[in-house]
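A.B. asks: Just passing along the structure, written as structure tokens.
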Amino acid sequence: MTTNPPAAHLTEDATRLEHLKNLRAAGLEPYPSKGARTHTLEEAKASPEGTKVTIVGRLMTRREMGKLTFCHIQDATGRLQVVFNEHEIEKNSYKLFLKNFDLGDFISVEGHIFTTQKGEISVKVSNYTLLSKALLPLPEKWHGLTDIEIRYRKRYLDLISNEASMRIAKLRSALIREMRSYFDTHGFYEVETPILQTLYGGALAKPFITHHNALDIQLYLRVAPELYLKRLIVGGFEKIYEIAKCFRNEGVDNNHNPEFSQIEFYWAYADYHDLMDLMEDLLPRLIKAVGLPLKFTTNGGEVDFTPPYPRVSMRELIKKYAEIDIEDYPDQKSMFNISKKLKVDGIEKTSDRGRLIDDIYKHFARPKIINPIFMTDHPVELSPLAKRRSDDPRYVERFQLLCVGGNELCNAFSELNDPLDQEERFKEQIKNRSAGDEESMPYDEDFINALKHGMPPTAGLGMGIDRLVKLLVDAPNLKEVILFPTLRPEKTDTQI
């Protein structure tokens with residue numbers, strides 16, 4: 001068995017292609033259909049000395065010492081050293097490995113567990129198989145992938161190179177699994193609602209628009225599953241949830257991505273106080289389930305998720321931090337004037353009174369919040385889908401769970417089930433749209449008809465999964481916790 005070593009002037013990509021050619025010439029199939037395995041690397045490490053194992057993984061390091069070659073391979077459970085010895089493997093086969101295998105290749109090795117003189121658990125290789133030939137090199141082996149832009153664009157390289165990225169991805173998966181378990185064991189049914197919708201709604205947001213060719217109709221990517229989930233409550237479900245992908249045609253920053261994940265659930269015969277109690281039970285369970293403490297440090301300071309969480313109205317928060325009472329400014333004009341006097345960021349003359357109140361809160365109060373609090377009882381103008389408070393109809397039975405700089409972890413209502421009130425609020429949204437507010441909701445006649453058939457008292461909540469993970473792992477950017485965040489396309493000179 002002979003091989004032709006590549007010319008020294010070849011680039012690494014060309015060298016790898018040359019290695020591929022050599023391996024095929026030697027009778028090795030570089031891309032077999034299956035890889036045999038008896039142990040994961042974690043299981044192999046825990047096995048007694050002398051145990052025969054067949055393990056698989058990606059070749060991550062290689063160091064030659066005379067007739068010995070020390071390598072590390074990596075699978076989903078970790079890394080393990082494997083040792084090739086020219087005396088243990090057929091000579092030509094050993095040379096073939098040395099000359100034609102590259103870092104990044106997937107291999108299967110058969111051998112026995114032993115401990116090196118330096119005390120490292122290893123596998124003494126008696127046979128090996130190529131499982132997949134890597135034709136491009138991995139990132140620099142000692143420092144991993146550090147270019148942030150490349151990390152987000154080429155997440156597959158980021159996961160190979162950076163243990164922290166893989167840890168976040170696995171934590172997120174465990175968190176979602178625990179969410180499902182919690183709601184399943186509390187009598188909720190998991191359901192699915194349309195992502196493509198003929199009419200969007202359920203949140204104040206600008207939608208993505210697409211077109212269905214066969215039906216020749218305009219469709220929207222959902223901004224929230226809310227209105228369909230409430231139709232199911234009308235239909236007879238009493239406890240439902242959906243882990244939903246949602247899409248909002250908005251800016252991209254550290255806390256926003258146009259495509260995001262949330263869990264939204266609805267509970268018949270409950271109100272927003274019941275939801276606050278539920279969240280004080282759920283959140284600590286989720287945090288503990290992923291192996292984290294309830295008290296931890298973030299860039300925003302130390303945060304403690306030990307319940308109970310304070311319940312403070314939006315009006316009181318604004319009183320405390322902006323030092324005004326919003327009820328002293330009962331209409332849009334007076335609210336705009338005080339917002340301007342307070343030099344609130346980003347206010348617009350076309351904004352309705354509710355949005356101006358929200359801008360004041362975000363400018364003065366939100367940055368001061370560290371530990372979790374329930375901000376309750378929003379002005380009715382801000383909440384077109386929530387039930388009014390019976391003792392003060394200027395406000396609705398709503399809360400947001402906030403922490404660390406006012407990051408919103410969830411948004412919840414006692415749901416509006418009065419169809420006539422809902423109809424009037426939709427009409428108010430249409431007026432806002434006519435005045436220039438592109439995030440206002442459209443009028444949904446079918447949803448009104450559903451409510452007219454009767455919906456029981458219901459409480460509903462939506463919680464952003466991406467933001468929760470970002471908080472728990474103390475990530476500086478939402479892109480760290482979304483495996484494939486939305487990015488501007490790269491400019492390339494070639495086009496296929």
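A.B. asks: Once Lys and Arg get +1 and Asp and Glu get -1 on their Cβ, which of H87, L59, P48 lies farthest toward the positive end of the dipole of the range 12-132?
C.D. replies: The listed residue farthest towards the positive side: H87.
A.B. asks: Calculate the tail of P(r) for the range 349-476: the fraction of all Cα-Cα distances greater than 25 Å, expressed in %.
C.D. replies: More than 25 Å apart: 32 percent of the Cα pairs in the range 349-476.
A.B. asks: Another question, then. Please state the charge dipole magnitude for the range 414-467, taken about the Cα centre, from unit charges on C-beta atoms (+1 on K and R, -1 on D and E), reported in debye and rounded to the nearest 20.
C.D. replies: 60 debye
A.B. asks: Could I ask something else about it? Quickly estimate the mean residue ellipticity at 222 nm for the chain, helices only: each DSSP H run with n ≥ 4 gives -39500 (n - 2.57), and the total goes over all residues, rounded to 500.
C.D. replies: Using -39500 (n - 2.57) per qualifying helix, the result is -9000 deg cm²/dmol.
A.B. asks: Between the DSSP loop rule and a limit of at most 12 other Cβ atoms within 10 Å, which GluC sites (Glu not before Pro) in the range 23-111 are left?
C.D. replies: Listed in order of number, the matching sites are E49, E90.
A.B. asks: Residue farthest toward the positive end of the dipole of the chain, with Cβ of Lys/Arg at +1 and Asp/Glu at -1: which of T193, W267, I287?
C.D. replies: I287
A.B. asks: Something else: Please give the per residue volume of the convex hull enclosing the alpha carbon atoms of the chain, rounded to a whole number of Å³.
C.D. replies: Given the Cα convex hull of the chain, per-residue volume reads 210 Å³.
A.B. asks: Something else: Quick check on the chain: of the DSSP beta bridges with both residues there, what percent are antiparallel, nearest 5%?
C.D. replies: Just about 90 percent of them are antiparallel.
A.B. asks: In nm, give the distance between the simple-model label positions of E120 and F484, each being 7 Å from the Cα along the Cα-to-Cβ direction.
C.D. replies: 3.6 nm
A.B. asks: May I pose another question? Can you list the trypsin sites (Lys or Arg not before Pro) in the range 293-343 that are in a DSSP coil and have 13 or fewer other beta carbons within 10 angstrom?
C.D. replies: K343
A.B. asks: Any idea how far apart K99 and D147 come out in nm if each label point goes 7 Å out from Cα toward Cβ?
C.D. replies: 3.4 nm
A.B. asks: Please work out the FRET efficiency for the pair D474 and K91, using the Cβ-Cβ distance as r and a Förster radius of 51 Å; give the result to the nearest 0.05.
C.D. replies: 0.45
A.B. asks: In addition: Out of residues 5 or more away from S313 or on other chains, whose amide H comes under 5 Å of its own, with H placed 1.01 Å from N in the peptide plane?
C.D. replies: HN-HN under 5 Å from S313: T376.
A.B. asks: Okay, next question. Label-point separation (nm) for K21 and S47, each offset 7 Å from Cα along Cα-to-Cβ?
C.D. replies: 3.8 nm
A.B. asks: Continuing with this model, one more query. With an 8 Å cut-off on Cα pairs and a minimum separation of 6 or more residues, tell me the relative contact order of the chain in percent.
C.D. replies: Contact order relative to length: 12 percent.
A.B. asks: Right, another one. Mind checking which of A164, L229, T376 is farthest towards the positive end of the chain's charge dipole, using Cβ charges of +1 (Lys, Arg) and -1 (Asp, Glu) about the Cα centre?
C.D. replies: A164
A.B. asks: Among the trypsin sites (Lys or Arg not before Pro) in the range 35-108, which ones are in a DSSP loop with at most 13 other Cβ atoms within 10 Å of the Cβ? Mind listing them?
C.D. replies: Answer in residue order: K67.
A.B. asks: Still on this structure, I have one more. Can you classify the range 1-155 as rounded, prolate or oblate using the Cα gyration tensor, where a ≥ b ≥ c are the square roots of its eigenvalues, rounded means a/c under 1.5, and otherwise it's prolate if a/b beats b/c and oblate if not?
C.D. replies: Judged from the Cα gyration tensor, the range 1-155 comes out oblate (a/c at least 1.5, b/c at or above a/b).
A.B. asks: Taking the Cα centre of the chain as the origin, how large is its charge dipole in debye, to the nearest 20, when only Lys and Arg (+1) and Asp and Glu (-1) carry charge on their Cβ atoms?
C.D. replies: 1720 debye
No lab work stands behind these numbers, since they all come straight from the coordinates. Quick caveat, the model's predicted, so the values are computed rather than measured. Neighbour counts are summed over all protein chains in view; Cβ atoms, including those assigned to glycine, are modelled from backbone coordinates with ideal geometry.
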